[in-house]
Number of protein chains: 2
Amino acid sequence: MSRPILKRKDIHEAAMKLFVEKGIEGTTTREIAEAAKAGEGTMFRHYKSKEDLAWHLFDENLSRFLAELEEDLAKQSTAKTRIRAMVEKCYVLFETDRTMCSYLLLSEHTVARQMPNGYKTPNTILVGIIEEGQAQGAIGPMDSKLYAAMVVGAILRVPIYKIYGRIREDLRNLIDPVTDSVWKMIAV
Amino acid sequence: MSRPILKRKDIHEAAMKLFVEKGIEGTTTREIAEAAKAGEGTMFRHYKSKEDLAWHLFDENLSRFLAELEEDLAKQSTAKTRIRAMVEKCYVLFETDRTMCSYLLLSEHTVARQMPNGYKTPNTILVGIIEEGQAQGAIGPMDSKLYAAMVVGAILRVPIYKIYGRIREDLRNLIDPVTDSVWKMIAV
DNA sequence: TTTAGTTGAGCGAATACTCGCTCATTAATA
DNA sequence: TATTAATGAGCGAGTATTCGCTCAACTAAA
């Protein structure tokens, strides 16, 4: 090997922060380089385009998040405790790494265009949880995809509104209230 | 007047369609002009920039939607029937003018940056409905803003997933099921 | 004739990406 | 251990292109 890769992480952090603040198209490659204290060409050594960087930031972080979530879910045996684990995972992430969480939430409708068919999302996982809950007789008989949509929506709208300043509470205090509310929505 | 304004509506329709398909930054003024069968300069007679056009499309359509919604709400006297009216208004709009509805839903995180403080949104209205419902003793005692966030999230995630093809049902068939589910979430 | 909507070639600033080069780091050789 | 060769990360000035916007000419309604 020649030289260790030192700048990639700096580029990740700078790009994510800027993408959240100004949007992907609204951020220039020069700004990323400057913020990362790197040369402008360096990001192209690791990614073939700015879009490619944005996609990797989304994909890698979401994948890691989902993998960790599935570990947590494996420890739970009921639908309700699984949903609680999901809420907890989301809200703890939000308070722990707000930039990353904001990026995942806000870039949904832009980066998400590039998701291949069958790409795994929190929604995919939730459909599974709900169908298992229905098999156990704990969750009502409605279409699992509709339930999943409503539950995902209810859970994720809270951090979105916290980003916009409409909610101020520390989200970790809302894990149980939100879980309980959402559970009422789908319980038999 | 010397000449009637003929192209503005064509520009609205073409721009909104393209903005939904390719995003605002991803759409060029030339593409808008071509799709609208108008000259490129025409949109600048009516709007001072592409961003300005995008904002007006958002603002005017949302304002009209909210005004109509408030008319409907005035006819209802209980929190639950008001929420039903809101769901109905959203889902009927979706099936009636999908492009416009998609634009409002998907541009939230981009155009929404420009919303002035105190700008009225569906969320604002919902907070009012919920607080009144709480005063009537029909809705639980939790923070009204948190309730509103969860309800908005649950309601709007359904059309979002229909845009992404994860839900196929005609949303007008889901008005009552969604209303009932959402109501369970917040009822005392 | 006046007025105002429409047009599209042209402009210039912005910017994503390239490429030839540097040099820190490692591996091989003596 | 000292020396040399090889590697590829890092750099940033340069460039081809794109794209938002302007404006002078044109057209049609009043």
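The values are calculated or read from the model by the stated rules, or taken from the named source; none is laboratory data. Note that the coordinates shown come from a computational prediction; the quantities given were computed from them, not determined experimentally. Glycine gets a Cβ as well: all are built from the backbone with ideal geometry, and neighbour counts include every protein chain shown.
Return yes or no: is B:A149 buried (at least 19 other Cβ atoms within 10 Å of the Cβ) and facing chain A (nearest Cβ under 9 Å)? For B:A149, the condition - buried (at least 19 other Cβ atoms within 10 Å of the Cβ) and facing chain A (nearest Cβ under 9 Å) - is met. How many residues does segment B:15-51 hold that are buried (at least 18 other Cβ atoms within 10 Å of the Cβ) and away from DNA strand D (no atom under 13 Å from the Cβ)? Number of matching residues: 4.
Against the numbered list (1) in the same structural domain as A:K9 (by TED's automatic domain parsing); (2) in contact with a His (Cβ under 9 Å, 6 or more places away or on another chain); (3) of a type in the set (D, E, K, R), A:K37 comes up short only at (2).
Only one entry in B:I155, B:I167, B:I160 is within 11 Å of chain A (Cβ to nearest Cβ), without any contact (Cβ under 8 Å) to a residue 24 or more places away in the chain, more than 18 Å from A:K162 (Cβ to Cβ) and among the hydrophobic types (A, V, I, L, M, F, W, C), namely B:I167. For segment B:30-45, filtering for residues that are over 19 Å from B:T99 (Cβ atoms) and either assigned to a loop (DSSP other than H, G, I, E, B) or of a type outside the set (K, R) (or both) leaves 5. Picking from residues in segment B:135-146 that are in contact (Cβ under 8 Å) with a residue 12 or more places away in the chain and in a helix (DSSP H, G or I), the one that is farthest from the other protein chains (Cβ to nearest Cβ) is B:S144. Within the span defined as segment B:149-161, every residue fails to be outside the structural domain of B:V20 (by TED's automatic domain parsing), closer than 25 Å to A:P116 by Cα and assigned to a loop (DSSP other than H, G, I, E, B).
The set of residues in segment A:112-125 that are assigned to a helix (DSSP H, G or I), within 11 Å of another protein chain (Cβ to nearest Cβ) and among the aliphatic types (A, V, I, L, M) contains only A:A112.
Number of residues in segment B:76-111 that are surrounded by fewer than 18 Cβ atoms within 10 Å (Cβ to Cβ) and not in a helix (DSSP H, G or I): the value is 4.
So for segment A:2-11 (the condition being away from every other protein chain (no Cβ under 14 Å), of a type in the set (G, A, S) and within 16 Å of DNA strand C (Cβ to nearest atom)), does at least one residue qualify? Checked segment A:2-11: at least one residue is away from every other protein chain (no Cβ under 14 Å), of a type in the set (G, A, S) and within 16 Å of DNA strand C (Cβ to nearest atom). Here A:A79 passes the criteria (1) under 25 Å from B:L174 (Cβ atoms); (2) within 14 Å of chain B (Cβ to nearest Cβ) except the one numbered (2). Taking the stated definitions as given, is A:L73 more than 16 Å from DNA strand C (Cβ to nearest atom), assigned to a helix (DSSP H, G or I) and either in contact (Cβ under 8 Å) with a residue 40 or more places away in the chain or surrounded by fewer than 20 Cβ atoms within 10 Å (Cβ to Cβ) (or both)? In short, yes.
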